[in-house]
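The values are calculated or read from the model by the stated rules, or taken from the named source; none is laboratory data. All of these numbers come straight from a predicted model, not from anything done at the bench. Cβ atoms come from the backbone with ideal geometry, glycine included; neighbour counts cover every protein chain shown. Accessible surface areas use protein heavy atoms only, side chains included; no ligands, DNA or RNA. Shrake-Rupley method; radii C 1.70, N 1.55, O 1.52, S 1.80 Å.
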Amino acid sequence: MKKQDIFKTNQEYLAEFFNISGAQKRNSWEPPEPPERAVKKSAAKPVKVTPKEEVIKYFQTKVKQTLRAGVNLPLEGLGKKHKLCFTEKAILAYFAGTALYRARMELGSMIGRFESKGISPAFETVKLISPGSTLIKKKLIITAPCEFPSRYSEETALPGGIFSLITGIALSKVAKPRRKARVISAGSPAKIYETLGEYVVGQQEAKKTVSAGVFLHLKRSELNKKRSGPDKIAKSNILIIGPTGSGKTHICRTLSSALNIPFHISDATQYTETGYVGKCVEEMLLDLHKDKDLSPSAQAIIYIDE
């Protein structure tokens, strides 16, 4: 190896490390292969294949010379700080490369690639990403609290701070969707009725009944905050019956906007009492919380449409 054979930048170093660790890439991002052309067959020349151990050894020697030249390699600095071995640094490189290419993180694939590329045997790689390992203790990777390998492939990730440190790419924080304000407690059924009247034409009896029912429900909720156990008042539901186009859904949607609470429509035909066939009733709440930042005690309207 020549003395000048070093990594000039951190990006150049990461690109080669990604290649060695076998970081996954999305197939849709791969450049299309050129069409095959008819070529005259010639005697095949022997191809010299470099052993895997020599490739890794050459890379490590190149890294040492790069550090001596004063080039900043954050991943190597992180490894020196936490006393990481080459395989552990390769794991971080694999995580960072897979995230950079926006590919799906699969630990089973990583374990297989490490073994095929001569980085480490499968059992050794499993130990380095299992609970109690240095990478997890130092919070260099995030894993779910479950035994390997049940759901690690879906719940293992690289913390944003570590990714930014390794790649030099700052991640922008995306604000979670939040409710605009607290639930507005209606002063009286008349106020709710007045608000519904601004957006719903006709259906006077329905608007009066819904306004009174919602007002009593909010009143019960306030009283239950001061009670506990069997002293709590049971909540009530509202049954709206009418032909198609009479405004049943529109009344409830307008009511949710007036009270500033989330509104979710569930199709009753998809749910069963036990959940053996179809969806379980509790999944209505999961669908409601899916895209909303709600606490377990948050108030909302679930509209069950027949």
Among the residues of segment 115-163, write down those that are in a helix (DSSP H, G or I), open to solvent by 60 Å² or more (accessible area, probe 1.4 Å) and at pLDDT below 85.
Glu154, Glu155
Output the residues belonging to segment 244-282 that are at pLDDT 75 or above, of a type in the set (Ser, Thr, Tyr), within 33 Å of the chain's Cα centre (by Cα) and not in a helix (DSSP H, G or I).
Ser266
Output yes when any residue across segment 234-243 is part of a helix (DSSP H, G or I), modelled with pLDDT of 75 or more, of a type in the set (A, V, I, L, M, F, W, C) and surrounded by 10 or more Cβ atoms within 10 Å (Cβ to Cβ), and no when none is.
no
Give me the pairs, please: first residue somewhere in segment 69-85 and farther than 18 Å from Thr9 by Cβ, second residue anywhere and outside any helix (DSSP H, G or I) and open to solvent by 20 Å² or more (accessible area, probe 1.4 Å), beta-carbon distance under 7 Å, and either six or more positions apart or on two chains.
His82/Lys138
Could you tell me whether Lys180 is of a type in the set (D, E, K, R) and at pLDDT below 55?
yes
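Have a look at Lys3, Lys41 and point out the one that is touching a helix residue (DSSP H, G or I) at 6+ places or on another chain (Cβ under 9 Å), open to solvent by 100 Å² or more (accessible area, probe 1.4 Å) and at pLDDT below 90.
Details: Lys41 fails: touching a helix residue (DSSP H, G or I) at 6+ places or on another chain (Cβ under 9 Å).
After ruling out the rest, the residue left standing is Lys3.
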